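Peer 1: Just passing along the structure, written as structure tokens.
Just so you know, all these numbers are worked out from the coordinates, no wet-lab data involved. Because the structure is predicted, anything quoted here is derived from the model rather than measured. When we count neighbours, we look across all protein chains shown, and the Cβ atoms used for this are built from the backbone with ideal geometry, even at glycine.
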Amino acid sequence: GIAIDGRGTTAGNDTHLIFASLSQKDEAGNIIESVKGDILLGASDDTMEVNDNSAFKYKIDLGAGADTLVLKHANEDDTEHKKTEENTFNYNVMNTENINLVGGHWHIEDAYIGFDETNNRNGDNQVNINILGREDGTKAGELHVEINSLGIGQGVESSLDGIVDEGTDLTITANGGIKYVVGDNFNVYQDNYTFDTDYKIGSYENLSLIHI
């Protein structure tokens, strides 16, 4: 179903949505949804912010216009990094040109980013994901990309594979760099590994670029 329907908004009537979170967990670990349905916006230049990133199984479609999705997390220890629900971007996002992930370390897994003919502004299908540090400047934004083996002699796959359709131009920028980390299904006994991916990494100083 649809939780927020702003598809009737027109160009020049920009919408700025701010959520404390989209879901929470009770003491037993069960997810309690704060927003129970799709979030759909219209033709204006819209911004949607979530101050405490959490699970969200519905679609976010910010519509036509130059749109931005901002997800934040802050519950991370300075000395230890672990993958959590809070620092993982795994949303289904449509028609959104900029996605800003704020708070330090981030993971991208099982996410989908796309455009459709109705809401695409210029037909260029371009999206930027910006991995940003803490707002107080105490930690840079670092992306951890998980690598797992496909099988003996079959190379590896990464957690960035398949998050956009062919024809969508995706650029990922991390102001603290990008690290490849070994996943649970990585074959440590294989002598060498072949990376067969759709993206390339550009050179950087403090900035790290991946272009798909």
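Peer 1: Run the simple label-point estimate for Ile2 and Asp124 please: 7 Å along Cα→C-beta, distance reported in nm.
Peer 2: Taking the two extended label points, one gets 2.9 nm.
Peer 1: Which residues' amide hydrogens lie under 5 Å from the amide hydrogen of Glu97, considering only partners 5 or more residues apart or on another chain, with H built in the peptide plane?
Peer 2: Under 5 Å from the amide H of Glu97: Asp67.
Peer 1: Going by average Cβ neighbours within 10 Å, how do the peptides 167-175, 26-34, 88-96 rank, with the highest at the top?
Peer 2: 88-96, 167-175, 26-34
Peer 1: Can you list the residues, at least 5 places off or on another chain, whose amide H is less than 5 Å from the amide H of Tyr112, using H built in the peptide plane?
Peer 2: For Tyr112, whose amide H was placed from the backbone, the distant partners under 5 Å are Tyr91, Asn92, Val93.
Peer 1: Counting Lys and Arg as +1 and Asp and Glu as -1, what is the net charge of the other residues whose Cβ lies under 10 Å from the Cβ of Asn185?
Peer 2: Cβ neighbours under 10 Å give a net charge of -3.
Peer 1: For an R0 of 35 angstrom, estimate the FRET efficiency from the Cβ-Cβ distance between Ile31 and Asp161 and round to the nearest 0.05.
Peer 2: According to the calculation, E is roughly 0.85.
Peer 1: Further question on the same structure: Hand me the tally of lysine pairs in segment 1-103: alpha carbons under 19 angstrom apart, and the pair either on different chains or 8 or more positions apart.
Peer 2: Counting lysine pairs in segment 1-103 gives 12.
Peer 1: Net charge near Gly29: determine it from the other residues with C-beta under 15 Å of the C-beta of Gly29, scoring Lys and Arg +1 and Asp and Glu -1.
Peer 2: Value of the local net charge: -4.
Peer 1: Give a residue-ordered list of calculated ³J(HN,Hα) values for segment 29-42 (Karplus: 6.51 cos²θ - 1.76 cosθ + 1.60, θ = phi - 60°; whole Hz; x for Gly, Pro).
Peer 2: x, 7, 7, 10, 6, 8, 10, 10, x, 5, 10, 10, 10, x
Peer 1: Quick one: what are the phi-derived ³J(HN,Hα) couplings along segment 96-102, Karplus 6.51/-1.76/1.60 with θ = phi - 60°, whole Hz, x for glycine and proline?
Peer 2: 10, 7, 10, 10, 9, 10, 10
Peer 1: How far apart, in nm, are two points set 7 Å out from the Cα along the Cα-to-Cβ line at Gln154 and at Thr138?
Peer 2: Taking the simple label geometry, Gln154 and Thr138 are separated by 4.5 nm.
Peer 1: Under 15 Å from a label point 7 Å along Cα→Cβ of Asp110: give me every residue in segment 31-54 with its amide N that close.
Peer 2: Label zone hits: 31, 54.
Peer 1: What full-extension length gain, to one decimal in nm, is calculated for Ala55 and Val181 as 0.36 nm per residue of separation minus the Cα-Cα distance?
Peer 2: 43.1 nm
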